[in-house]
Amino acid sequence: MSASRDSLAAYVDALEARHRADLSFSEVRRALQALSSLYVERRGRLRSGAALAGAGKRAAFALYYGPIHLLLVRKIVRTLGPGRRPPGEIIDLGCGTGTAGAAWATECRPAARVRGVDLSSWAVAEAGWTYRRLGLRGRAVRGDATSTPLPKRGAGVIAAFTLNELGEDARRLLLPRLLDVHGTGSIVLVVEPLSRRVSPWWPEWAAAFLAAGGRVDEWRLPATLPEATLALGKAASLDTRELLGRSLALGFA
C-alpha cells in the first residue's frame, strides 16, 4: 500500500478520531504550543519523557508532528532513491508514533516490514496502531535505541528525530553501530531538525558518514499538509509552509 495523499488524509482523520475523543481543538492547540516550546527552549527535559507527558501533548505529537515526519521522510527517501537493494525490513530506532519507519516502508516495493523500538510504552502502542492503519506488516517493542539488535544485512535502519533526545554517551555508542550495520549490507538513514543550535554533535556525525561513503543533505521542501494538520499548526502559530530537516544517509543510490 502506498502512503498516497488520500491514504494520508484517511490516516489523519483516524488520528483525530483516536486522539480528539476527549480533547477539544483548543486543548490540543495549547498542548502543541507547549510541546513546540519544549523542543525549542527546554530541550533538557526531553530525556525525561516530558514531550509525551499528558494526553494533550501526546495528542499534539501524534496529530501534528506524526504526519509531518511521515511526509518529510517519504520525500527524502523518494529523492535519495531505492538504494542498492530495497530493504525487506525497516528498523525504526526511537520510533515515536511510527510514522518515520512507516514512511520508508511504504516507499519500498513490495512494502517492507517495520520493527519499531522506543522506550515509551505509549509510543510503542501508537506505532503499532500506525502500522496497522497504513496496511503495513510490523510491530513495535519497548527498547533502547542504542542497544537494540540490528540486522546484519538487507535492512533499512532509521533514526528520525531521535538522536537529539539522546545523551552524548548514548550517541557515542550508537554511531559506530550504525556504521557497522551499513558495512554488513544495510541502508542507514538519520533525520534531524534543520537547526544547528540544537544539534552540536552533527558535524562529527556528518564527517563519519561522509568518510564511510555516505551523503549529508539539508531539506526545504514544499509542504502539502492534510487539512487537520495544517489547521492545528496555524492555530498554534507554527510555520506550515515547508518541511524542514537534514539527513545523513549510507547505502542509497
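The values are calculated or read from the model by the stated rules, or taken from the named source; none is laboratory data. Note that this is a predicted model, so its numbers are computed, not measured. Counting neighbours? That spans all protein chains shown, and the Cβs are built from the backbone with ideal geometry, glycine included.
Can you name the residue in segment 155-169 that is small (Gly, Ala, Ser) and surrounded by 16 or more Cβ atoms within 10 Å (Cβ to Cβ) and is also farthest from ARG74 (Cα to Cα) among such residues?
From segment 155-169, those small (Gly, Ala, Ser) are 155-156, 159-160, 167; that's our starting set.
Still in the list and also surrounded by 16 or more Cβ atoms within 10 Å (Cβ to Cβ): 155-156, 159-160.
Details: ALA155: 17, GLY156: 14, ALA159: 14, ALA160: 12 Å.
Taking the candidates together, the pick is ALA155.
Selection of segment 82-99 for residues being modelled with pLDDT of 85 or more and not in a strand (DSSP E or B) yields PRO87, GLY88, GLY94, CYS95, GLY96, THR97, GLY98, THR99.
If the condition is being in contact with a helix residue (DSSP H, G or I) (Cβ under 9 Å, 6 or more places away or on another chain) and small (Gly, Ala, Ser), then segment 55-82 contributes ALA55, GLY56, ALA59, ALA60, ALA62, GLY66.
Restricting segment 138-171 to residues that are modelled with pLDDT of 95 or more and of a type outside the set (Gly, Ala, Ser), the residue that is nearest to the chain's Cα centre (by Cα) is ILE158. Candidates in segment 100-126 are the residues that are among the basic types (Lys, Arg) and over 18 Å from ASP144 (Cβ atoms); of these, the one that is modelled with the lowest pLDDT is ARG109. Among the residues of segment 194-247, those identified as more than 22 Å from VAL157 (Cα to Cα), small (Gly, Ala, Ser) and under 19 Å from the mean Cα position of the chain (by Cα) are SER195, ALA223, GLY233.
Please enumerate the residues belonging to segment 140-164 that are within 18 Å of PHE61 (Cα to Cα) and β-branched (Val, Ile, Thr). Scanning segment 140-164 gives a single hit, THR162. Look at (1) touching a strand residue (DSSP E or B) at 6+ places or on another chain (Cβ under 7 Å); (2) among the charged types (D, E, K, R); (3) touching a residue at least 40 places away in the same chain (Cβ under 8 Å) and you find that ARG85 fails only one, number (1). I'd like to know if segment 50-66 contains one or more residues that are closer than 16 Å to ALA159 by Cα, modelled with pLDDT under 95, not in a loop (DSSP other than H, G, I, E, B) and not small (Gly, Ala, Ser). Looking through segment 50-66, at least one residue is closer than 16 Å to ALA159 by Cα, modelled with pLDDT under 95, not in a loop (DSSP other than H, G, I, E, B) and not small (Gly, Ala, Ser).
Please verify whether ARG171 is charged (D, E, K, R) and outside any helix (DSSP H, G or I), treating the condition exactly as stated. No; evaluated as a whole, the condition is false for this residue.
Check whether at least one residue in segment 147-156 is closer than 16 Å to GLY94 by Cα and among the hydrophobic types (A, V, I, L, M, F, W, C), and report yes or no. Yes, because at least one residue in segment 147-156 is closer than 16 Å to GLY94 by Cα and among the hydrophobic types (A, V, I, L, M, F, W, C). Among the numbered conditions (1) closer than 19 Å to ALA145 by Cβ; (2) in a loop (DSSP other than H, G, I, E, B), the only one that VAL191 does not meet is (2).
If you go through segment 107-118 one residue at a time, do you hit one that is more than 17 Å from the chain's Cα centre (by Cα) and either surrounded by fewer than 15 Cβ atoms within 10 Å (Cβ to Cβ) or not in a loop (DSSP other than H, G, I, E, B) (or both)? Among the residues of segment 107-118, at least one is more than 17 Å from the chain's Cα centre (by Cα) and either surrounded by fewer than 15 Cβ atoms within 10 Å (Cβ to Cβ) or not in a loop (DSSP other than H, G, I, E, B) (or both), which makes the answer yes.
Taking the numbered list (1) free of Cβ contacts under 8 Å to residues at least 40 places away in the same chain; (2) closer than 21 Å to HIS19 by Cα; (3) surrounded by fewer than 24 Cβ atoms within 10 Å (Cβ to Cβ) in turn, ARG137 passes all entries but (2).
Looking at segment 234-249, is at least one residue without any contact (Cβ under 8 Å) to a residue 12 or more places away in the chain and either assigned to a helix (DSSP H, G or I) or in contact with a His (Cβ under 7 Å, 6 or more places away or on another chain) (or both)? Yes, segment 234-249 has at least one match.
Checking the structure you have, find out if any residue of segment 215-222 is aliphatic (A, V, I, L, M), modelled with pLDDT of 95 or more and surrounded by 13 or more Cβ atoms within 10 Å (Cβ to Cβ). Before the answer, list the steps.
As a first pass, look at segment 215-222 and keep what is aliphatic (A, V, I, L, M): 216, 221.
Keeping just the survivors that are modelled with pLDDT of 95 or more gives 216.
Filter again for surrounded by 13 or more Cβ atoms within 10 Å (Cβ to Cβ), leaving 216.
Looking for residues that are aliphatic (A, V, I, L, M), modelled with pLDDT of 95 or more and surrounded by 13 or more Cβ atoms within 10 Å (Cβ to Cβ), one finds at least one in segment 215-222, hence yes.
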